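Below: one structure, written as structure tokens.
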Amino acid sequence: MVNERARLLRVWVDPRRCGYPADALKGGGSMKYKIALRESEEGFSVSVPGLPGCWSQGATEHEALQNIQDAIKEYLATVEGLLEGATVREIEVQA
């Protein structure tokens with residue numbers, strides 16, 4: 001029987017391969033994102049709750065994790081492009 005429950009994992013994205021958020025990543029740091037990994041009869045699907053619409057899949061868990069890293073990089077590059085020409089500010093939210 002396939003486990004339909006999602007597992008939350010973290011993936012690391014190499015900031016040298018994506019441009020957003022550039023200020024937070026100066027010096028070659030990394031970003032961490034929680035992901036939801038679901039196993040199905042076709043393989044694995046994975047989504048990033050913090051990045052709406054960012055998802056991928058793979059035949060194996062390893063392939064799905066590799067694919068979501070690429071999807072996150074592309075997602076963030078798209079966001080960076082959408083911000084071009086806009087006045088961008090950051091706010092801090094306390095827990």
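The values are calculated or read from the model by the stated rules, or taken from the named source; none is laboratory data. These numbers were taken from a predicted model, which means no experiment stands behind them. Reconstructed Cβ throughout: ideal geometry from the backbone, glycine too, with neighbour counts over all protein chains shown.
In table form, for the structure just shown:
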{"quantity": "Neighbours by Cβ (under 6 Å, 6+ apart or cross-chain): first from the stretch 68-95, under 30 Å from Gly58 (Cβ atoms); second among the charged types (D, E, K, R) and modelled with pLDDT under 85", "calculated": "Lys73/Arg17"}
{"quantity": "Filtered residues of the stretch 38-62 (kept if aromatic (Phe, Trp, Tyr) and either exposed (fewer than 10 other Cβ atoms within 10 Å of the Cβ) or closer than 19 Å to Val79 by Cβ (or both))", "calculated": "Trp55"}
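Listed here are the residues, each with its yes/no results for (1) charged (D, E, K, R); (2) part of a helix (DSSP H, G or I); (3) more than 13 Å from the chain's Cα centre (by Cα).
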residue: Gly50; (1), (2), (3): no, no, no
residue: Ser56; (1), (2), (3): no, no, no
residue: His62; (1), (2), (3): no, yes, yes
residue: Ala77; (1), (2), (3): no, yes, no
residue: Leu82; (1), (2), (3): no, yes, yes
residue: Thr87; (1), (2), (3): no, no, yes
